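The values are calculated or read from the model by the stated rules, or taken from the named source; none is laboratory data. Note that the structure is a prediction, hence the values are computed from the model and not measured. Positions of Cβ are backbone-derived with ideal geometry, glycine not excepted, and every protein chain shown enters the neighbour counts.
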Amino acid sequence: MHSRWMGEFTWGWERFLKCALWGCLAAPLLAQAQTVLNSGATLPIAVQTGQSFSQTFRGTGTIDNAYTLNGTLPPGLSLTTVTAPPPNAGNHDMVLSGVATAPGGYTFNVDIAAQNFSAAVNYSSTLVVTVSRPPALAVPWTSPLVLLLMALVTAGLGGWELRARRAAA
């Protein structure tokens, strides 16, 4: 009988076998903190092909931030403008999101036009997006558990074949 405490740390057989066969891989966390676009800033961003990505940016203006793209985005990614959440009502954030489809390096500028209290503010930030392929999945074929499972499957199939021959005779 397992206590509740022990049950929290117990893996089911299905997960155990998947980890034994394919390795225990945790999906990367996709939620990221908001990034401030400062005047003249260069921001490096890492993205993997085939994986969902979303990053929120905010200009330094106090109201009415407007964003203009100068350059080419990586295929599969897009820029959108969204209303900033409270307490920044009346302001806008920029969101870079999507699923990148082509690896490579992409550099583009974002021009920001905003109001900083009553003064107009115009500046530019550079985003450097590096899109890479996800790492290859390493299959631990030589792990003892995998070899044991392969032996059991092979022995089970051999027994089935022998029973099939006896039934046919």
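Being at positive phi and part of a loop (DSSP other than H, G, I, E, B) is the filter here, so list the residues in segment 40-96 that pass it.
Within segment 40-96, GLY40, GLY50, GLY71, GLY76, GLY90 meet the criteria.
Working only within segment 92-126, note down all residues that are surrounded by fewer than 14 Cβ atoms within 10 Å (Cβ to Cβ) and among the β-branched types (Val, Ile, Thr).
Within segment 92-126, THR101, THR107 meet the criteria.
Is it true that SER3 is surrounded by fewer than 11 Cβ atoms within 10 Å (Cβ to Cβ) and modelled with pLDDT under 90?
Taking the combined requirement at face value, the residue satisfies it.
Give the residues of segment 60-76 that are touching a residue at least 60 places away in the same chain (Cβ under 8 Å) and in contact with a Leu (Cβ under 9 Å, 6 or more places away or on another chain), sorted by residue number.
Answer for segment 60-76, where residues must be touching a residue at least 60 places away in the same chain (Cβ under 8 Å) and in contact with a Leu (Cβ under 9 Å, 6 or more places away or on another chain): just THR60.
If we scan segment 73-91, do we find a residue that is within 24 Å of the chain's Cα centre (by Cα), more than 23 Å from VAL131 (Cβ to Cβ), buried (at least 16 other Cβ atoms within 10 Å of the Cβ) and in the same structural domain as VAL121 (by TED's automatic domain parsing)?
yes
Within segment 128-147, is even one residue part of a strand (DSSP E or B) and either at pLDDT below 90 or among the polar types (S, T, N, Q) (or both)? Lay out the reasoning, then the answer.
So the first thing to find is which residues in segment 128-147 are part of a strand (DSSP E or B), and the list is 128-132.
So of that shortlist, the ones also either at pLDDT below 90 or among the polar types (S, T, N, Q) (or both) come out as 130, 132.
Yes: segment 128-147 contains one or more residues that are part of a strand (DSSP E or B) and either at pLDDT below 90 or among the polar types (S, T, N, Q) (or both).
With the requirement that a residue be of a type in the set (Ser, Thr, Tyr), over 17 Å from the mean Cα position of the chain (by Cα) and farther than 20 Å from GLY61 by Cβ, what does segment 99-136 give you?
TYR106, THR107 - these are the residues of segment 99-136 that are of a type in the set (Ser, Thr, Tyr), over 17 Å from the mean Cα position of the chain (by Cα) and farther than 20 Å from GLY61 by Cβ.
Considering every residue within segment 97-106, establish whether at least one is farther than 30 Å from ALA136 by Cβ and part of a loop (DSSP other than H, G, I, E, B).
No; the residues of segment 97-106 include none that is farther than 30 Å from ALA136 by Cβ and part of a loop (DSSP other than H, G, I, E, B).
Specify the residue that is farthest from LEU127 (Cα to Cα); the eligible residues are those in segment 23-59 that are modelled with pLDDT of 90 or more and aliphatic (A, V, I, L, M).
Checking each candidate, the answer is VAL47.
What single numbered condition from (1) surrounded by 16 or more Cβ atoms within 10 Å (Cβ to Cβ); (2) more than 18 Å from ASP111 (Cβ to Cβ); (3) of a type in the set (Gly, Ala, Ser) fails to hold for GLY59?
It is condition (2) that GLY59 fails.
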